[in-house]
1. From the list Gly317, Gly370, pick out the single residue that is more than 23 Å from Leu242 (Cα to Cα) and at pLDDT below 95.
2. Of all residues in segment 78-92, count the ones that are part of a loop (DSSP other than H, G, I, E, B) and near the ligand (Cβ under 8 Å from one of its atoms).
3. Evaluate the following for Ile143: is it within 16 Å of the ligand (Cβ to nearest atom), in contact with a strand residue (DSSP E or B) (Cβ under 6 Å, 6 or more places away or on another chain) and not small (Gly, Ala, Ser)?
4. Determine the pairs where a residue that is of a type in the set (Asp, Glu), located within segment 100-128, has a partner that is within 16 Å of the ligand (Cβ to nearest atom) with Cβ atoms under 7 Å apart, the partner being 6 or more residues away or on another chain.
5. Would you mind telling me which numbered condition in (1) more than 25 Å from Lys102 (Cβ to Cβ); (2) within 11 Å of the ligand (Cβ to nearest atom); (3) surrounded by 18 or more Cβ atoms within 10 Å (Cβ to Cβ); (4) within 16 Å of the chain's Cα centre (by Cα) Arg271 fails?
6. Quick one: in segment 111-134, which of the residues that are farther than 21 Å from Lys26 by Cα and surrounded by fewer than 17 Cβ atoms within 10 Å (Cβ to Cβ) is farthest from the ligand (Cβ to nearest atom)?
7. Cβ-Cβ below 8 Å, separation at least six or inter-chain, first residue in segment 45-58 and closer than 19 Å to Glu180 by Cβ, second surrounded by 16 or more Cβ atoms within 10 Å (Cβ to Cβ) and of a type in the set (D, E, K, R): which pairs?
8. From Leu75, Leu95, grab the single residue that is over 20 Å from Lys6 (Cα atoms), more than 13 Å from the ligand (Cβ to nearest atom), part of a helix (DSSP H, G or I) and under 12 Å from the mean Cα position of the chain (by Cα).
Amino acid sequence: MGDGGKHVVLAYSGGLDTSVMISWLKEKHGLDSIAVLVDAGRASGLEELRMKALSIGAVEAIVVDAKEDFAHDFLLPSLAANALYEEKYPLVSALSRPLICKVLVDIAHKSGANTIAHGCTGKGNDQVRFDLGIRALDPGLKIMAPAREWGMTRADALEYAAAHGIPVPLKKESPYSIDENLWGRAVECGPLEDPWAEPPEDVFGFTAAPEAAPAEPEYVEVDFAGGEPVALDGEEMPTVDLIGKIDARGAAHGFGRIDMIENRLVGIKSREVYEAPGALALIKAHSGLEDLVLPRELSHLKRGLEQKFSNVAYDGGWFDPLMEAIRAFMEVTQESVTGTIRLKFYRGSCTVAGRRSPNSLYDLSLATYGSGDSFSHDAARGFCELFGLPLETWAKKQMVDAGR
Ligand code: ARG
């Protein structure tokens, strides 16, 4: 590719903005684009989009199938951390950005390009994730985010496209901004900007409405080995397939819709709708299994670090050494997370209906209120006496001070 200063690796989505960008980068900066489409799952028509990039003038257009890497390097670690931002959002977009950064930086190195461009605007979290991810992987690369600077409205972009012969989809564009991958689907904008308005049904791409879901519940068994899901209903399968399968089963039962007001890193509260049946079902199953096998204090400390993990990932810190340290903790905790969870999907819900594990710490002889109880009731009396001693000492002093 030769002259690195003339080439820019562009995170290309195929949409209006990044299409305009190919022309704009050439016209304003004399840069030739290498357009990169990253397939992190739930993508379609990538070959057409690749051709479109070339037709607009990209010197090269590459489709990278990154589903395996996404599942193994990003989704499994997030599952180990039961990662949910603000206890609700399974980080669908936040996890794909560092993956895309890796792909872009890799292509920049291979092609000798010294600049990477992405299509993010200045209002979202994704710009932070791209900027930080690229800087963490190679601080020597230059980053351009044209949509942050060019001040084009949608009408401006359409006009620019028309003037430069950039193909624009004929059908009326959806009012929503959508991002999707193997872990779920994120939707914002349009009618969702009114937090009082219930999401219209056309927001949803693949989940059934709970009202329209089957009247019969469905059970799914998920086997875990060392914290990773390995089989559904006893059938072993690759992680990417397993995620896709459980996703489809949850979706059919109207499970996995999230409607939330989210605190963005850039200070804005936004209304977000997600569909993530597979991610949410796996997190439920995984944490349900952890309940059975992790000792109390470990489980409590892990919850705190799960939140930290989610915040760091959300804030674009995937490659931060803090993340590496948290992940090391998570990894140690996963050694005993082996066993089976039986999930029940029913009209918008997913519940843990059963759990079993060779590493279970559940001891019936300790837990039972029936016969065969081996729990020491004597010891319990002494335990309460000493455990309550500081409180009792305090209470007595209160009484003395009050002159009672
Ligand atoms: N608010 C979510 C996040 O920050 C989703 C962003 C989705 N991106 C998009 N361009 N629609 O992770």
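The values are calculated or read from the model by the stated rules, or taken from the named source; none is laboratory data. All values reported here derive from a predicted model rather than from experimental measurement. FYI the Cβ positions are ideal-geometry reconstructions off the backbone, even for glycines, and counts take in every protein chain you see.
1. On the way: Gly317 fails: at pLDDT below 95.
Exactly one of Gly317, Gly370 is more than 23 Å from Leu242 (Cα to Cα) and at pLDDT below 95, namely Gly370.
2. Residues of segment 78-92 that are part of a loop (DSSP other than H, G, I, E, B), as a first pass: 81-84, 86-88, 90-91.
Then keep just the ones that are near the ligand (Cβ under 8 Å from one of its atoms); that gives 91.
Of the residues in segment 78-92, 1 are part of a loop (DSSP other than H, G, I, E, B) and near the ligand (Cβ under 8 Å from one of its atoms).
3. Details: within 16 Å of the ligand (Cβ to nearest atom): no; in contact with a strand residue (DSSP E or B) (Cβ under 6 Å, 6 or more places away or on another chain): yes; not small (Gly, Ala, Ser): yes.
So Ile143 fails the test.
4. Partner pairs satisfying both residue conditions: Asp126/Ser93; Asp126/Arg97; Asp126/Cys120.
5. Result: Arg271 fails condition (4) only.
6. Just the residues of segment 111-134 that are farther than 21 Å from Lys26 by Cα, to begin with: 122-134.
In the following step, the residues that additionally are surrounded by fewer than 17 Cβ atoms within 10 Å (Cβ to Cβ) were identified as 122-123.
On the way: Gly122: 13, Lys123: 10 Å.
The selected residue is Gly122.
7. Correct list of pairs: Leu46/Asp39.
8. Working: Leu95 fails: more than 13 Å from the ligand (Cβ to nearest atom).
From the options Leu75, Leu95, the qualifying one is Leu75.
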